[in-house]
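Read the structure below first, then the notes.
The values are calculated or read from the model by the stated rules, or taken from the named source; none is laboratory data. Since the structure is predicted, the reported quantities are computational estimates derived from the model, not experimental observations. When we count neighbours, we look across all protein chains shown, and the Cβ atoms used for this are built from the backbone with ideal geometry, even at glycine. Calculation scope for accessible area: heavy atoms of the full protein, side chains included, ligands and nucleic acids excluded. Shrake-Rupley method; radii C 1.70, N 1.55, O 1.52, S 1.80 Å.
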Amino acid sequence: MHGVSGYRKKSKLALSNEMIILKTGGIMPSLCKCFEDVIPLGDSKVEYTLKDLLRNLVYIHRTYCLTYTSEGSKELFIPLDDVFFVKKDKSSECWFSAEIDEKYATQHTLNKIDNFFERDVNFKDQFIVRFKGRSKWNGNQTVTSAKFINYHKKVRKNVQYIAGASSRWYIKRTNTNESIPLSSLPITFAAMHRLSELSRYEPITLSKHLNSQQNWLLSEFIKSAPYQFIHEIASEITGEEFLVPRRGI
């Protein structure tokens, strides 16, 4: 009923040999359905490695990049300084925009981003990209309109965040083979399920993973995933954003 299972390839111990199988029934495909993520149907099973799943989680992506330093094109997430919607003057047309972090504000970054985005040349002193698709702004009724909700769903396929005292936003690259076309919650669920299987049925194997060079990556995932997962679930259910309260001086 979990909708996901796993096995280990008969090879050397590595996260790239821990395989996760996505099924067509159960919790995993139901979770994917909530985000309109599509698991391909057919006779062939859909498999991902635990290593690739961890690569596609924004909240441990920096740890992943520092763990696998020899990999080329390992970065899948472009950090943003701000995200906002823009309404065209004297028009009902609106779109999603984002300011790229100054360290990544280059044409090279723009070339990496999916074709859904383009540079907004109206901002001379900031590196702003905007979603090519457009929606309609109808005052206070905008966020509840079917058109805007559908537009928002398209945007969210490309934008993810790390929960904390203030949300940190990122554009996820979708135009590379390393990018898995699933949302953060299903990926987290599948990765944690494989670790759960190891802890129950192959604890010695899990212990070896935790004592390997990938220890930091696995530890960060185990530590960060519960908070991020619950935060995203709570936001999905309520439609609200939750922030960690700041301590008073």
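Quick one: pull the percent of accessible area on the chain belonging to carbon and sulfur, 1.4 Å probe, ligands and nucleic acids left out.
Working: 7490 of 14330 Å².
Ligands and nucleic acids excluded, carbon and sulfur reach 52 percent.
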Practice problem: Straight distance only, please: which aspartates and glutamates reach the Cα of Lys172 with their own Cα at less than 16 Å, same-chain residues fewer than 8 apart left out? | Solution: Asp37, Asp52, Glu75, Asp81, Asp82, Glu99, Asp101, Asp114, Glu118
Quiz prompt | Sites excluded, GluC sites (Glu not before Pro) in DSSP loops with at most 16 other C-beta within 10 Å, longest stretch of the chain | solution = 72-177
Exercise. For Lys223, list the aspartates and glutamates whose Cα falls under 16 Å from its own Cα; do not include residues on the same chain fewer than 8 positions away.
Key: Glu232
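Assuming a ≥ b ≥ c are the square roots of the Cα gyration tensor eigenvalues, decide whether segment 1-117 counts as rounded (a/c under 1.5), prolate (otherwise, with a/b larger than b/c) or oblate. Working shown, then result.
Values: a/c = 3.06, a/b = 1.48, b/c = 2.07.
Note, shape of segment 1-117 comes out oblate.
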Self-check item: Using θ = phi - 60° and Karplus 6.51 cos²θ - 1.76 cosθ + 1.60, couplings along segment 131-139 (whole Hz; Gly, Pro as x)
Solution: 6, 5, x, 10, 9, 10, 9, 10, x
Self-check item: Pairs beyond 20 Å (Cα-Cα), from Lys9/Lys157; Lys9/Lys208; Lys23/Lys208; Lys33/Lys153
Solution: Lys9/Lys157; Lys23/Lys208
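Looking at segment 65-123, which trypsin sites (Lys or Arg not before Pro) are in a loop (DSSP not H, G, I, E or B) and have at most 13 other Cβ atoms within 10 Å? Write down the numbers at each step before the final one.
On the way: sites: Lys74, Lys87, Lys88, Lys90, Lys103, Lys112, Arg119; in loops: Lys74, Lys88, Lys90.
Filter output for segment 65-123: Lys88, Lys90.
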Exercise. For segment 147-160, take each phi angle, set θ = phi - 60°, evaluate the Karplus expression 6.51 cos²θ - 1.76 cosθ + 1.60, and give the result in whole Hz per residue in order, putting x for glycine and proline.
Key: 4, 6, 4, 5, 5, 4, 4, 5, 5, 5, 5, 10, 10, 9
Quiz item: Given labels modelled 7 Å from the Cα in the Cβ direction, how far is it in nm from Glu118 to Asn138?
Solution: 2.6
Exercise. Among Thr24, Phe242, Val143, pick out the residue whose Cα is farthest towards the positive end of the charge dipole of the chain, where Lys and Arg carry +1 and Asp and Glu carry -1 on C-beta, about the Cα centre.
Key: Thr24
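Could you state the accessible area per residue of the chain in Å², with a 1.4 Å probe and every protein chain left in place? Mind showing how you got there, number by number?
Details: 14330 Å² over 249 residues.
Accessible area per residue, the chain: 58 Å².
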Quiz item: Applying the Karplus parametrisation 6.51 cos²θ - 1.76 cosθ + 1.60 with θ = phi - 60° to the phi angles of segment 167-181, what ³J(HN,Hα) value in whole Hz is obtained for each residue in order, glycine and proline being reported as x?
Solution: 5, 9, 9, 9, 8, 8, 5, 10, 9, 9, 5, 6, 7, 8, x
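About the Cα centre, and with charges only on the beta carbon of Lys, Arg (+1) and Asp, Glu (-1), how big is the dipole of the chain? Nearest 20 debye, please.
Numbers: 36 positive and 27 negative charges, 48 e Å.
Once rounded to the nearest 20, the dipole reads 240 debye.
Out of segment 148-249, which trypsin sites (Lys or Arg not before Pro) are coil in DSSP terms and have no more than 13 other C-beta atoms within 10 Å?
Numbers: sites: Lys153, Lys154, Arg156, Lys157, Arg168, Lys172, Arg173, Arg194, Arg200, Lys208, Lys223, Arg246, Arg247; in loops: Lys157, Arg173, Arg246, Arg247.
Within segment 148-249, the qualifying trypsin sites (Lys or Arg not before Pro) (loop, at most 13 other Cβ atoms within 10 Å) are Arg246, Arg247.
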